[in-house]
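Okay, so here's the structure we're looking at.
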Amino acid sequence: STISKNSLKSSLLQLECHFTWTLLRQDVDLDDLEETIGDQIEFFIKSNITNYNLLSYVCHLKNSNEEALRNLQKAEEEVKKNHPDEIARRSLVTWGNYAWIYYHMERYEEAQTYVSKVENSCKKLSSTAQQKIQLPEIYAEQGWALLKFGGKYYKRAKNCFENALKNEPNNPEYNAGYAIAMYRLEDFSYRLCQDLGPSLKPLERAVELNPKDTFIMALLALKLQDLKRVDEGERYIEEAMQKTPDLPYFLRYAAKFYRRKGEVDKALKILKKALAVTPKSAFLHHQLGLCYRAKLFQLKKTTRYPPQEQVEELIRLSIFHFKTVTDQKTKFFTAHTDLANMYAQAKRYEEAEETFQKAFQINILSCVDKQHFYYNYGNFQRFHMKSESEAIRYYTEGLKIEEDSYPRKQCGNALKKLLEQRIQKGLGGATDFATLGLVHNLNGETHEATECYEKAITLCPDNEEYLSALCELRLSI
């Protein structure tokens, strides 16, 4: 009856599981996520309960509820095998997912059975008779799921692991999750103050508590490399290489370390080894594309007339790997801009334009992503399309987004340089002066800004926009 259906819905919303954690399908590429989880189940030693639960949710989002149920059965088997003494405690998320999937299949009795199972277990497990039970395992499981759904979710993931650590500060797994979330948040925002990354301490702690986990060791090595402590980082990479010479999740970061160190051939060798194990990994293809690009730039820098066939081959390889990534991970923003830039190198301008547009239409771009886009697209307009006015327009758009970041700085610098060149050549019109005024103003250089707006007004006396900008500046001095 409908009454039971409505009361069932309100009980379902009280459950802690993937269906109540607002993990939105439009933020990920479902096929790719399914592939990734499958690889992790195959190659990771740690608990697969989390992976099977998440996989069941992904199957549901792909409309295969039967497959979702099969994955929940696998999660239950893992619980029995690994935690025979704490079955209820370790199954709350699994049972919550069961309840939701049965509800979506309109099998309401079965859904109700699982709701009751969770409610009764929570009563036994918690002294206060509430359904929302605050268990560290559940916070951690939510944290791992959030990390899988991409950059938009990293802050929430960090908070989940923080909550899990409140009860168990020395738990190796929660420390690892917290460190990964911190590392990714930092990576995600291209922070300007690179003095000491806030993720360094958590990573060191996680490595100490997880001596077998070479994945975390590799992240620590990359963080040390960011902080210019390259030799220290390399020692971790070498130690991890001894421990897990074949684990694709470690190898991909080892390759990234060597590529950034400038040892591109070594990186390529490692990536090809990892690709033999997980041939579809988008991460590996992206890294391969970056390696061939690095070789291309090295060649152009060191050779005055690099052999044309060598240049073309490196461009071809780079495009091949970047394109493999964008076909598979439709939401992987930087891979799209990398591909677009490579098409431009190959003078395939229509494809470059098309790929830039695809990149900009991805629906989960952060402010920093947008700044990165405007900087790259501005460069494309300026150097390849030979349109300075378009370049100025896009650099300005990037600068106007107020989030402080490295790509924003790049937009500002490129814009300033280009405008100053135009003005020196005597090509500067009123808009050039006004835009340069805006750049100075955003950099806090009020006097220079005032001069620029005054010149703009001399050239275009009745422009309201310039006049009001000048008034504001004079008031602020």
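The values are calculated or read from the model by the stated rules, or taken from the named source; none is laboratory data. Keep in mind the model is a prediction, meaning the values are calculated, not measured. Using ideal geometry, Cβ is built from the backbone for each residue, glycine included, and neighbour counts are taken over all protein chains shown. All accessible areas refer to the heavy atoms of the entire protein, side chains included, with ligands and DNA or RNA removed. Shrake-Rupley method; radii C 1.70, N 1.55, O 1.52, S 1.80 Å.
Details
- Checking LYS148 against (1) under 24 Å from ASP27 (Cβ atoms); (2) touching a helix residue (DSSP H, G or I) at 6+ places or on another chain (Cβ under 6 Å); (3) not assigned by the TED database to the domain that holds LEU61, the condition it does not meet: (2)
- VAL368 being part of a helix (DSSP H, G or I), at pLDDT below 95 and under 27 Å from PHE297 (Cα atoms): yes
- Of the numbered criteria (1) in contact with a Gly (Cβ under 9 Å, 6 or more places away or on another chain); (2) at positive phi; (3) basic (Lys, Arg), the one LYS455 fails is (2).
- Residue count for the stretch 15-49, restricted to those that are open to solvent by less than 30 Å² (accessible area, probe 1.4 Å) and closer than 25 Å to GLN134 by Cβ: 7.
- Only listed residue being assigned by the TED database to the domain that holds VAL28 and either over 30 Å from LYS329 (Cα atoms) or surrounded by 20 or more Cβ atoms within 10 Å (Cβ to Cβ) (or both), chosen from LEU61, LEU72, LEU165: LEU72
- Answer from TYR103, TYR153 - the residue that is surrounded by 15 or more Cβ atoms within 10 Å (Cβ to Cβ), outside the structural domain of LEU24 (by the TED database) and in contact (Cβ under 8 Å) with a residue 24 or more places away in the chain: TYR153
- Residues in the stretch 232-251 that are among the charged types (D, E, K, R) and open to solvent by 40 Å² or more (accessible area, probe 1.4 Å): GLU232, ARG235, GLU238, GLU239, LYS243, ASP246.
- Selection within the stretch 348-395 - more than 25 Å from ARG25 (Cβ to Cβ), among the hydroxyl-bearing types (Ser, Thr, Tyr) and surrounded by fewer than 20 Cβ atoms within 10 Å (Cβ to Cβ): TYR349, SER387, SER389
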